[in-house]
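Note sheet for the following structure.
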Amino acid sequence: MRTFIQKFGKSMMAPLSIIVAAGLLLGLASTLQNQLIFGDSLQNLAFINNLVGLVNALAGALFGLLPVLFAISVAIGMVREDKEIAAFSAVIGFILFHTAIKFYLSLKGLDAATTSVDYLVSAGMSNVEAVKENSAYDTVLGIFTYRMGVFGGIITGLWTAFIHNRFHRTQLPTAFSFFSGTRFVPIMMTVTVPFLALVMFFIWPLFSMLINAFGDLILGAGAFGTFIYGFLERLLIPTGLHHILNQLIRFTPIGGTAMIDGQQVSGALTIFNTLLMQENPDLDLMRQATRFLTQGTHPFMVFGLPAACFAMYRTAFLENRPKVKGMLLAAALTSFATGITEPIEFAFIFISPVLWIFHAFMAGLSFLINTLLGVMIGNAGGGLIDLMLFGVLRGLETKWYLNVIVGIIYAIVYYNVFKFVIIKMNLKTPGRDAETDLEEAVSETVSDLGNAIMDALGGKENILEIDNCISRLRLVLKDTGLADEKKLKATGSLGVIKINEENLQVVYGTKVEKAAAELKKAYKSQ
């Protein structure tokens, strides 16, 4: 189960990257229309208006494709090999899944016409009842179906992975050998998906009710609900499960639902991005959405954790400060600019439960404070880029200045708390180990990075699967006990997490893509 959850959490990251990029484009387009910055000078320029229209159209198309993107991403992430076949099969499965549900709904006389608000009102329902009934259904890629959002993609992605892992090596009798192996996977998807759809046809209404009830519970908790989210999101960092929590808040009704231009939109990030495309967005609705977005992360990502890095530098032994200066500075700048925090967090999470709980509490408190102050800064990055683009450049209505004031206070608190705890408890943070092996930009001195990592993991024969997320290698090994943490540290690793006897994560921060590429290259060359 732990192996499944680790892979599942990682597999849902790919759609987020494209949606964050689309959000940045929307932010830039919105900035071009901001009269506080450009006045009326750009309002009548056809080129600018057409550019903004194009960005909105492209972003809207991407948001509409989110369920398909999740289906493909989950399928790719959960299979062991032949990932391109899994992606192909996931698209087939997704379309057939919703087509089958459309057919089952039609047997009950339900379609886009008979579930429209006007039809339901004419049939005797009140307008409120009609809107509620209509919101249970959606049209996906032109197919009338249940309103499942990204869950439809996740379900079909998981089913695709199950079918793929079970049948992608199946050999049929000689007469049918053409359909053997990977060709058999999409065939089995075609055969089995209607049964999956039949099960979900009966289960989904109950599941949807539970999801909406959970979303209503978080909404009813008000600002305290944001504290719980922020606290748990940071607390789960070492396990990697924070990715699952993030996606549920950002893209499902758990993060809120809203009616925008007559369409129901679910998920905090989806609501925010949809409102960005509006000429005159509902600011109260936008503030409801941003409660769970980057406004709660800026105080500790842009201000707090960089200050913690400074505290770790100041408490390092004098002879070790030159060694850790480069690493801590790079980690601080990464968190400050992009919101990637794990290179810092893994410097203290495993050696100090006190600092870990403090950090998680401060994260939850940040979300709570910004909600109470009415701050309105969105997207999903968390660094200075988001603060500038979705806060400062959108004007005073975002109350970005309050976010910065809270951040400055956070910097002071983080610095003093980290300095006190490190000295008081004699923590072995970077530079406080008499035999420290940390070197500035140590990974750059490794002549053959891929082979060095592979050797540190116990050799090629010990490696079963190689993958990575935004900041860490995610590995499946025959025996994690064979991994040498000291050797991994020499390749530039910032931390090692042994999930169980088979699953290992190695934190590299922003250098993880290079580490993964070099490891895969070395693995294939032997």
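The values are calculated or read from the model by the stated rules, or taken from the named source; none is laboratory data. Everything numeric in this text was worked out from a predicted model, so none of it was measured. Counting neighbours? That spans all protein chains shown, and the Cβs are built from the backbone with ideal geometry, glycine included.
Among the candidates R250, R166, the residue that is loosely packed, with under 14 Cβ neighbours inside 10 Å and of a type in the set (K, R) is uniquely R166.
Residues in segment 11-28 that are hydroxyl-bearing (S, T, Y) and closer than 10 Å to A380 by Cβ: S17 only. Checking the stated criteria, T99 turns out to be among the polar types (S, T, N, Q), surrounded by 14 or more Cβ atoms within 10 Å (Cβ to Cβ) and part of a helix (DSSP H, G or I). Among the criteria (1) under 26 Å from F390 (Cβ atoms); (2) at pLDDT below 80, the one L69 does not fulfil is (2). If you go through segment 89-96 one residue at a time, do you hit one that is in a helix (DSSP H, G or I), among the aromatic types (F, W, Y), buried (at least 18 other Cβ atoms within 10 Å of the Cβ) and out of contact with any strand residue (DSSP E or B) (no Cβ under 9 Å at 6 or more places or on another chain)? Within segment 89-96, none of the residues are in a helix (DSSP H, G or I), among the aromatic types (F, W, Y), buried (at least 18 other Cβ atoms within 10 Å of the Cβ) and out of contact with any strand residue (DSSP E or B) (no Cβ under 9 Å at 6 or more places or on another chain).
Only one of the numbered conditions (1) under 30 Å from R169 (Cβ atoms); (2) outside any helix (DSSP H, G or I) is violated by L110, and that is (1).
Checking each residue in segment 259-284 for being outside any loop (DSSP other than H, G, I, E, B) and under 21 Å from the mean Cα position of the chain (by Cα) picks out V265, S266, A268, L269, T270, I271, F272, N273, T274, L275, L276.
Here segment 240-258 is the region considered, the condition is being of a type in the set (A, V, I, L, M) and touching a residue at least 60 places away in the same chain (Cβ under 8 Å), and the residue that is nearest to G149 (Cα to Cα) is I244.
In segment 311-326, is there at least one residue being surrounded by 23 or more Cβ atoms within 10 Å (Cβ to Cβ), modelled with pLDDT under 85 and closer than 24 Å to K428 by Cβ? Checking segment 311-326: at least one residue is surrounded by 23 or more Cβ atoms within 10 Å (Cβ to Cβ), modelled with pLDDT under 85 and closer than 24 Å to K428 by Cβ. Considering the conditions (1) out of contact with any strand residue (DSSP E or B) (no Cβ under 7 Å at 6 or more places or on another chain); (2) farther than 17 Å from V74 by Cβ; (3) not in a helix (DSSP H, G or I), M148 is excluded by exactly one of them, (2).
Per this entry, R291 is not counted among residues that are in contact (Cβ under 8 Å) with a residue 40 or more places away in the chain, farther than 22 Å from Y401 by Cα and buried (at least 24 other Cβ atoms within 10 Å of the Cβ). For A197, indicate whether it is free of Cβ contacts under 8 Å to residues at least 60 places away in the same chain, among the small types (G, A, S) and either buried (at least 18 other Cβ atoms within 10 Å of the Cβ) or part of a helix (DSSP H, G or I) (or both). Answer is no for this residue. Segment 348-446 holds no helices (runs of 4 or more DSSP H) entirely within its bounds that carry 1 or more residues that are of a type in the set (D, E) and either modelled with pLDDT of 90 or more or surrounded by fewer than 22 Cβ atoms within 10 Å (Cβ to Cβ) (or both). Checked across segment 170-191, the condition of being closer than 30 Å to I244 by Cβ, touching a Phe, Trp or Tyr at 6+ places or on another chain (Cβ under 7 Å) and aliphatic (A, V, I, L, M) holds for at least one residue.
Taken together, the residues in segment 114-145 that are surrounded by fewer than 16 Cβ atoms within 10 Å (Cβ to Cβ), at negative phi and part of a loop (DSSP other than H, G, I, E, B) amount to 4.
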